Amino acid sequence: MAAPSVSSPQSDPFLEPDDAIDHIHGPASAPVTVVEYGDFECPSCFQAYTALKVMLPHFGRQLRFVFRHFPLREVHPHAELAAEAAEAAGAQGKFWPMYELLFTHQQHLKDKHLLDYATQVGLDMARYQNEMSDHVYLQRVQEHMQSGRHLGVRSTPAFYVNGVFCDVSFGLQHLHEAVDKALQSS
């Protein structure tokens, strides 16, 4: 397969990071923005998570990473609730520590496990339990999914590099190459 093509950012507003609803790692001034639509129960997303743990420090302040939820409920029955738990943690300023726990324990995403992870990251547990029982963040998760569907996302992980879809189905090296190419053209 040929190297991924990367052009200038598309003007699709669905790919513009929004501090109010997105989880963003890296500076707004970064020349390259990677948006991932992911699922905490997806084995391929776990591979992407491990690759990103290497890529983010490698590219440093040149890369801004945005994570959005796209739980594939039909094949990953715990993914949507895990996404809600991540949002509940995010509301308390702990999205990234929860993100780490959910991916590193993706075989254990039932309610009792999510409760343990919420405790581990230091959440206000009364607030967490109330928000989870009321599904306060389900709408946000569904909004992420709707934006992904608008963009044509059908599987996870789905990556966009500066607004251009990057096919990683044949390996995450394509994502690294796409970021390199985008940096060269910036």
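Consider a paramagnetic label point 7 Å from the Cα of residue 74 along Cα→Cβ; state which residues of segment 137-162 have an amide N under 12 Å from it.
Output list for this probe position: 154-155.
Which value in nm describes the separation of the simple spin-label points at residue 120 and residue 28, placed 7 Å from the Cα toward the beta carbon?
Computed distance between label sites residue 120 and residue 28 equals 3.3 nm.
Give me the extension gain from residue 184 to residue 58: residue separation times 0.36 nm, minus the current Cα-Cα distance, reported in nm with one decimal.
Going from the current span to full extension adds 43.8 nm.
Could you tell me which of rounded, prolate or oblate describes segment 18-77, using a ≥ b ≥ c as the square roots of the eigenvalues of the alpha-carbon gyration tensor, with rounded for a/c under 1.5 and, failing that, prolate when a/b is larger than b/c and oblate otherwise? List each step's numbers first, then the result.
Values: a/c = 3.70, a/b = 1.60, b/c = 2.32.
Cα axes put segment 18-77 in the oblate bin.
Which values of log₁₀ I(q)/I(0), to two decimal places, follow from the Debye formula for the chain at q = 0.12, 0.16, 0.19, 0.20 Å⁻¹ with a uniform point scatterer at every Cα?
Treating every Cα as an identical point scatterer, log10 I(q)/I(0) equals -0.54, -0.96, -1.32, -1.44.
Would you mind computing, in nm to one decimal, how far apart the modelled labels at residue 177 and residue 92 are, each placed 7 Å from Cα along Cα→Cβ?
4.3
Among the Cys residues of the chain, which have no other cysteine Cβ under 4.7 angstrom away?
166
Under 16 Å from the 7 Å Cα→Cβ point of residue 20, by amide nitrogen: which residues of segment 115-140?
Zone members listed by number: 139-140.
Rounded to the nearest 500 deg cm²/dmol, what is the calculated helix-only ellipticity per residue at 222 nm for the chain, with -39500 (n - 2.57) per DSSP H run of length n ≥ 4?
Computed ellipticity for the chain at 222 nm equals -14000 deg cm²/dmol.
Relative to the longest principal Cα axis of the chain, at what angle does helix 111-120 sit, 0 to 90 degrees, rounded to 10?
Compared with the principal axis, the helix lies near 80 degrees.
Only the coordinates and a few stated rules stand behind these numbers; no lab work does. From a predicted model like this one, the values you see are computed outputs, not experimental measurements. Using ideal geometry, Cβ is built from the backbone for each residue, glycine included, and neighbour counts are taken over all protein chains shown.
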